[in-house]
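First comes the structure, then the notes that go with it.
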Amino acid sequence: MLKPLLRGCLLALALPLLSPLALADADHPHVEIMTGQGNIELELDATAAPNTVENFLRYVEDDFYQGTVFHRVIDGFMIQGGGMTADMATKETHDPIALEESGLKNTRGTIAMARTGQPDSATSQFFINLVDNQALDYRNLYEPGYTVFGHVVSGMDVVDAIAGAPTTKKGPHADVPREPITIEGVRRLD
């Protein structure tokens, strides 16, 4: 009689451990990107990309992302945001960081740092892969790729909805959503 009660108590204690947030730790912090389209929860991988995760979390702690938009949306490729406002003004950032070879691949649902043609130029902008983008993976010093530093754990439906937004050209910028998709904020969950 006591065994079923004990089994039920152990099961009740184990269930919270199975949630994605319970799996988070210092090396795998969770953050939530809040948008007008819905929320996206990410698990970051500080073991694979410690400097990149530290950089991203610095912008999160500074509330930098609040009011930025997903300014580049290419369905079947990726959605990019984290550095421009709705009027396509670029926000002032911290100094760029060095490219990290995280060993993680640009597969569907992963988040990576955006950068210029210079490998060591990433600041605040990031993108979420909509498909497996092997061409963006690190290969060598001559084909440096883009640093992957986490993945979506919930809200991929939101990412896909953003990907389907009609786009236009605004000044020199192509693939800009016609209606701004604003990042209302990014917060750490653990």
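Scan the strands (runs of 3 or more DSSP E) fully inside segment 84-190 and keep the ones with 3 or more residues being touching a residue at least 40 places away in the same chain (Cβ under 8 Å) and surrounded by 14 or more Cβ atoms within 10 Å (Cβ to Cβ). Spell out the reasoning first.
Numbers: elements: 110-113, 126-129, 148-154, 167-170, 173-177, 182-188.
Where strands (runs of 3 or more DSSP E) fall fully within segment 84-190 and carry at least 3 residues being touching a residue at least 40 places away in the same chain (Cβ under 8 Å) and surrounded by 14 or more Cβ atoms within 10 Å (Cβ to Cβ), they are 110-113, 126-129, 148-154, 173-177, 182-188.
Would segment 143-162 turn up any residue that is of a type outside the set (Gly, Ala, Ser) and over 21 Å from residue 108 (Cα atoms)?
Just the residues of segment 143-162 that are of a type outside the set (Gly, Ala, Ser), to begin with: 143-144, 146-149, 151-153, 156-160, 162.
Add one more test, that the residue is over 21 Å from residue 108 (Cα atoms), and what stays is none.
No, segment 143-162 contains no residue that is of a type outside the set (Gly, Ala, Ser) and over 21 Å from residue 108 (Cα atoms).
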query: Does segment 54-75 contain any residue that is within 14 Å of residue 145 (Cβ to Cβ), open to solvent by less than 60 Å² (accessible area, probe 1.4 Å) and part of a loop (DSSP other than H, G, I, E, B)?
result: no
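Residues 145, 155, 171, 185: which one is in contact with a Lys or Arg (Cβ under 8 Å, 6 or more places away or on another chain), on the phi > 0 side of the Ramachandran plot and not polar (S, T, N, Q)? So that I can check it myself, show each step before the final result.
Values: 155 fails: in contact with a Lys or Arg (Cβ under 8 Å, 6 or more places away or on another chain); 171 fails: in contact with a Lys or Arg (Cβ under 8 Å, 6 or more places away or on another chain); 185 fails: in contact with a Lys or Arg (Cβ under 8 Å, 6 or more places away or on another chain).
On inspection, the qualifying residue turns out to be 145.
The values are calculated or read from the model by the stated rules, or taken from the named source; none is laboratory data. Everything numeric in this text was worked out from a predicted model, so none of it was measured. Neighbour counts are summed over all protein chains in view; Cβ atoms, including those assigned to glycine, are modelled from backbone coordinates with ideal geometry. Areas reflect the complete protein model, heavy atoms only, side chains present, ligands, DNA and RNA absent. Shrake-Rupley method; radii C 1.70, N 1.55, O 1.52, S 1.80 Å.
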